[in-house]
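Working notes, beginning with the structure itself.
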Ligand SMILES: NC(=O)c1ccc[n+]([C@@H]2O[C@H](COP(=O)([O-])OP(=O)(O)OC[C@H]3O[C@@H](n4cnc5c(N)ncnc54)[C@H](O)[C@@H]3O)[C@@H](O)[C@H]2O)c1
């Protein structure tokens, strides 16, 4: 039976450390983090609420600026101009210590997330969404990691500590790692990070043929597709380490309890019988991501 990694407990530890180390940040009573949101999205609303709550719990103010968006205004250049203007103000505002452009943007919006995030000054780019900060990860001169990537890294560090008491650097060296996600917030930067630590990395995605042929020989599988039950017991080897970043809901389920339940990518009950370490959903990567976002304040503050 697998060891279950408790993301909630680890996130509480990160929170305590942030509170303890906050004195090292350059903060005033007016300091704040700014979240920018375009349009309405109920999942984003939940993530934003969690970020504001976490900020309150560590004594850092988090503000939200919402930009209206409808199907009728999707091509209106004024929307992009308004976002640009606000980001430029925040870039120059000494009290703004970090910015987050909430993803995803509405599908039909004329500009993609990178075009918008690239307006953010890299030293205020709390979720490492700018091309500069993402590029630095592949160059192995990382300033800051996207929060979900950092959450996965911290989970791997915990496993390395439990397993070998060696550093993560040595632990990852030579491991066969399959990442099932190729997005700019997760798969691509995570693959670069793992490669920088001399793991052998395979990145899979929706067009990968015969997924099992990759996962079956992996030492570690990190998955983030939002496809419920994608990873089954017969797709992984005995002793596998599995980190599940996926979040999905079974919205068509007629049982309202099940329709509101959150699922990961992994068939947890089956896979935990063969895995050595596994993260649950909920309670694994999710709470870690919020904590890691705020932990990024130290990376931005120390290295700018
Ligand atoms: N736990 C967290 O804190 C956290 C944070 C961000 C995202 N997420 C979750 O991670 C997932 C991915 O988020 P994203 O923003 O990267 O989404 P995305 O849509 O940009 O990327 C999804 C990735 O999954 C791949 N994929 C989809 N279906 C697949 C399949 N059947 N087989 C193999 N690959 C498949 C796609 O090719 C793509 O690379 C979502 O479920 C999201 O909710 C979780």
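Here, each number is a calculation from the coordinates, and none is a lab measurement. Small disclaimer: the values here were computed from a predicted structure and weren't measured. Neighbour counts run over all protein chains shown; Cβ positions are idealised from the backbone, glycine included.
What the table shows:
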quantity	calculated
With 5 Å bins from 0: P(r) over the stretch 200-251, alpha-carbon pairs, percent	5, 18, 31, 28, 13, 4, 1, 0
Cα-Cα pairs of the stretch 166-241 separated by more than 14 Å (percent)	59 percent
Radius, Kirkwood style, for the stretch 24-84 when every pair of distinct Cα atoms is counted (Å)	13.4 Å
Alpha-carbon radius of gyration plus Dmax, which is the widest Cα pair, for the stretch 1-133 in Å	16.6, 56
Gyration tensor (Cα) of the chain, equivalent ellipsoid semi-axes in angstrom	32, 23, 19
Cα extents of the stretch 64-110 along the three principal axes, largest first (Å)	36, 19, 14
Dimensionless Rg ratio for the stretch 109-210, taking C-alpha atoms and the 2.2 N^0.38 Å reference	1.15
Peptide ranges 114-121, 14-21, 175-182 listed from the most packed, as the mean C-beta count within 10 angstrom indicates	175-182, 114-121, 14-21
Semi-axis lengths (Å, descending) of the ellipsoid that matches the C-alpha gyration tensor of the stretch 1-54	25, 23, 6
Nearest-ten-degree value, helix 285-303 long axis tilted from longest Cα axis of the chain	60 degrees
Distance between the stretch 233-251 and the stretch 21-62 - C-alpha centres, whole angstrom	30 Å
Sorted peptide list for 79-88, 23-32, 195-204, criterion being average Cβ within 10 angstrom, highest first	195-204, 79-88, 23-32
Rel. contact order, % - alpha carbon contacts under 8 angstrom, at least six apart, the chain	22 percent
Distance cut-off 17 Å, percentage of C-alpha pairs in the stretch 242-304 lying past it	56 percent
Nearest 10 degrees, 0 to 90: helix 7-21 Cα axis against the chain principal axis	40 degrees
Average Cα contact separation per residue, the stretch 168-304, under 8 Å, 6 or more apart, as relative contact order %	19 percent
Residue-averaged 222 nm ellipticity for the chain, from DSSP H runs of 4+ at -39500 (n - 2.57), nearest 500	-12000 deg cm²/dmol
Fluctuation leader among 68, 239, 286 - the chain, Gaussian network, Cα springs under 10 angstrom	68
Taking the C-alpha atoms of the stretch 145-294, convex hull volume expressed per residue in Å³	116 Å³
Estimated FRET transfer efficiency when R0 is 25 angstrom, pair residue 45-residue 176 (beta carbons, to 0.05)	0.05
